[in-house]
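**Student:** Have a look at the structure that comes next, please.
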Amino acid sequence: MTAARLHEIVGRFASCRVAVLGDFFLDKYLDTDPELAEISVETGRAAHQVIAIRTSPGAAGTIVNNLASLGAGEVHALGVRGDDGEGYDLEKALAGRGCRTGDLMVVPGRFTPTYLKPRNMREPGLAGEHDRYDTKNRTPMLRDAEDAVLERLERLLPRLDAVAVEDQVEEADCGVVTTRVRARLAEIGRLHPEKVIWADSRSRSGLFRNVVIKVNAREALKRAFRPGANEPEDADVVRAMAGLRARTGRPVFVTAGTRGVWVSDPAPALVRAVRVPEPTDPTGAGDSATAGALLALCAGATPPEAALVANLVASITVQQLATTGTARPDELGPRLEMWLSQT
């Protein structure tokens, strides 16, 4: 890719209209200072002292963060949140990024999924993180909420160029992307091939049809071929991609960490990553890559070009420690120069 071609692609981001459908989490960081720790009089256990609380939209919200930061013209949140404080914080943060939140529905009785991350403020990066506490829904999505998601998707669809689907919750039908929602997305993909429908699923990539999918290399092998692959061989990744491509009928993107992104079309190829110095923090890197690739496809990029844009974006976000990072359009040009210099 040349600098001129990247500029052309990025220049079209502002015309892209995207809905992010799926599981919106709240990333909630509790910054603690170990020098202020006390001993509880009641229990005799350590009482860690929180000196700052930071919140950020996570999972589907991380995609929103990066779409907004990269300059997408219009971003809609389509999903479910609880009637709780975490839901209030989540919606406020999304709206603060320019995201339209009218289709993020409040459902009493459901949690707002939350990743609670206590951390030692004096230790940068992952080394400072304590054990995480996760809050998520472990009962099936209510039928009325599922119907409302589908109805709002239909209403939004005519004005959209793309739908980014984030299937984060691993428990079947307990998140927003239920069996019925997935079936409707397959139908939309069949009827509207001009729209970019992109799905990222932790557990069910092989069940999507007629949409672009993004999957981690180890997950691709685990789901499609042999379980427990730790360091996938290139030939195995290519074979897994072919199987997934045959099922979905659309391009397949397979992330491979510091190696880069595999892409299935026009022929299987690894688009190498930008090499950046340590320390790095991979939190949210996959979702930031999704935002970059999705916007690039909307802007007319080929799948290999979109994979490169994904790598450029991720190389920026992983250098932002102890937070879910974002990338700006003006940062992509210098990263392309870095990538080209590493040949």
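The values are calculated or read from the model by the stated rules, or taken from the named source; none is laboratory data. Computed from a prediction, not measured in an experiment: that's the story for all the values here. Cβ placement follows ideal geometry from the backbone for every residue including glycine, while neighbour counts extend to all protein chains displayed.
**Student:** Kindly list the number of the only condition in (1) touching a helix residue (DSSP H, G or I) at 6+ places or on another chain (Cβ under 7 Å); (2) within 19 Å of residue 253 (Cα to Cα); (3) not in a loop (DSSP other than H, G, I, E, B) that fails for residue 308.
**Tutor:** Status for residue 308: all satisfied but (1).
**Student:** Restricting attention to the range 274-305, and to residues there that are out of contact with any helix residue (DSSP H, G or I) (no Cβ under 7 Å at 6 or more places or on another chain) and in a helix (DSSP H, G or I), which single residue is surrounded by the most Cβ atoms within 10 Å (Cβ to Cβ)?
**Tutor:** Checked the range 274-305; the qualifying residue surrounded by the most Cβ atoms within 10 Å (Cβ to Cβ) is 294.
**Student:** Here are some conditions: (1) buried (at least 22 other Cβ atoms within 10 Å of the Cβ); (2) more than 21 Å from the chain's Cα centre (by Cα); (3) of a type in the set (Gly, Ala, Ser). Residue 109 meets all but one. Which one does it not meet?
**Tutor:** (1)
Let's see how each residue does on (1) β-branched (Val, Ile, Thr); (2) touching a Lys or Arg at 6+ places or on another chain (Cβ under 8 Å):
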| position | (1), (2) |
| --- | --- |
| 39 | yes, yes |
| 58 | no, no |
| 66 | no, no |
| 77 | no, yes |
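**Student:** Further, regarding this structure: Just to be sure before I move on: is residue 92 of a type in the set (Lys, Arg) and not in a helix (DSSP H, G or I) in the structure I sent? Break it down into steps so the answer makes sense when it comes.
**Tutor:** Numbers: of a type in the set (Lys, Arg): yes; not in a helix (DSSP H, G or I): no.
Here the answer is no, as residue 92 does not meet what is asked.
**Student:** What are the residues in the range 158-174 that are closer than 23 Å to residue 300 by Cα and either without any contact (Cβ under 8 Å) to a residue 40 or more places away in the chain or surrounded by 15 or more Cβ atoms within 10 Å (Cβ to Cβ) (or both), if any?
**Tutor:** Once the filter is applied, which keeps residues that are closer than 23 Å to residue 300 by Cα and either without any contact (Cβ under 8 Å) to a residue 40 or more places away in the chain or surrounded by 15 or more Cβ atoms within 10 Å (Cβ to Cβ) (or both), the range 158-174 yields 158, 160, 161, 162, 163, 164, 165, 166.
**Student:** Hey, among 329, 277, which residue is free of Cβ contacts under 8 Å to residues at least 24 places away in the same chain and either over 13 Å from the mean Cα position of the chain (by Cα) or within 24 Å of residue 199 (Cα to Cα) (or both)? Spell out how you get there, then give the answer.
**Tutor:** Values: 329 fails: free of Cβ contacts under 8 Å to residues at least 24 places away in the same chain.
Step by step, each of 329, 277 is checked, and only 277 is free of Cβ contacts under 8 Å to residues at least 24 places away in the same chain and either over 13 Å from the mean Cα position of the chain (by Cα) or within 24 Å of residue 199 (Cα to Cα) (or both).
**Student:** Please name all residue pairs, on different chains or six or more residues apart, with Cβ atoms under 8 Å, provided the first residue is in the range 35-59 and is on the phi > 0 side of the Ramachandran plot and the second residue is of a type in the set (D, E, K, R) and part of a strand (DSSP E or B).
**Tutor:** Hits for this filter: 59/166.
**Student:** Now for a different question. Just the residues that are of a type in the set (Val, Ile, Thr) and within 18 Å of residue 164 (Cα to Cα), please, taken from the range 282-323.
**Tutor:** Scanning the range 282-323 gives 290, 302, 309, 313.
**Student:** Follow-up question, since we're still on this one. Any idea how many residues of the range 185-214 are crowded, with 24+ Cβ neighbours inside 10 Å, under 23 Å from residue 112 (Cβ atoms) and not charged (D, E, K, R)?
**Tutor:** 2
**Student:** On to the next question. Taking the range 57-95 as the search range and keeping residues that are of a type in the set (Gly, Ala, Ser) and surrounded by 24 or more Cβ atoms within 10 Å (Cβ to Cβ), which one is farthest from residue 7 (Cα to Cα)? Step through it out loud before you land on a result.
**Tutor:** Of the residues in the range 57-95, the ones of a type in the set (Gly, Ala, Ser) are 58-61, 68-69, 71-73, 77, 79, 82, 85, 87, 93, 95.
This time we only want the ones that are surrounded by 24 or more Cβ atoms within 10 Å (Cβ to Cβ), so: 58-61, 72, 77, 79.
Working: 58: 28, 59: 28, 60: 27, 61: 26, 72: 15, 77: 27, 79: 33 Å.
Only one residue tops the list, namely 79.
**Student:** hydroxyl-bearing (Ser, Thr, Tyr), touching a helix residue (DSSP H, G or I) at 6+ places or on another chain (Cβ under 7 Å), under 19 Å from residue 25 (Cβ atoms) and modelled with pLDDT of 95 or more: does that describe residue 135?
**Tutor:** no
**Student:** Within the group 145, 77, which residue is closer than 24 Å to residue 202 by Cα, touching a residue at least 24 places away in the same chain (Cβ under 8 Å), in contact with a Leu (Cβ under 7 Å, 6 or more places away or on another chain) and among the hydrophobic types (A, V, I, L, M, F, W, C)?
**Tutor:** 77
**Student:** Let me ask something else about it. Hey, does the range 175-184 have a residue that's free of Cβ contacts under 8 Å to residues at least 60 places away in the same chain, among the basic types (Lys, Arg), surrounded by fewer than 18 Cβ atoms within 10 Å (Cβ to Cβ) and under 21 Å from residue 104 (Cα atoms)? So that I can check it myself, show each step before the final result.
**Tutor:** Taking the range 175-184 and keeping what is free of Cβ contacts under 8 Å to residues at least 60 places away in the same chain, we get 178-180, 182-184.
Cutting the leftovers down to among the basic types (Lys, Arg) gives us 180, 182, 184.
Retained after the next criterion (residues that are surrounded by fewer than 18 Cβ atoms within 10 Å (Cβ to Cβ)): 180, 184.
Filter again for under 21 Å from residue 104 (Cα atoms), leaving 180, 184.
Scanning the range 175-184, I find at least one residue that is free of Cβ contacts under 8 Å to residues at least 60 places away in the same chain, among the basic types (Lys, Arg), surrounded by fewer than 18 Cβ atoms within 10 Å (Cβ to Cβ) and under 21 Å from residue 104 (Cα atoms), so the answer is yes.
**Student:** Further, regarding this structure: Scan the range 142-174 residue by residue and report those that are touching a Gly at 6+ places or on another chain (Cβ under 7 Å) and assigned to a loop (DSSP other than H, G, I, E, B).
**Tutor:** 168, 169
**Student:** Restricted to the range 1-40, and to residues that are β-branched (Val, Ile, Thr) and in contact with a strand residue (DSSP E or B) (Cβ under 9 Å, 6 or more places away or on another chain), which residue is surrounded by the most Cβ atoms within 10 Å (Cβ to Cβ)?
**Tutor:** 20
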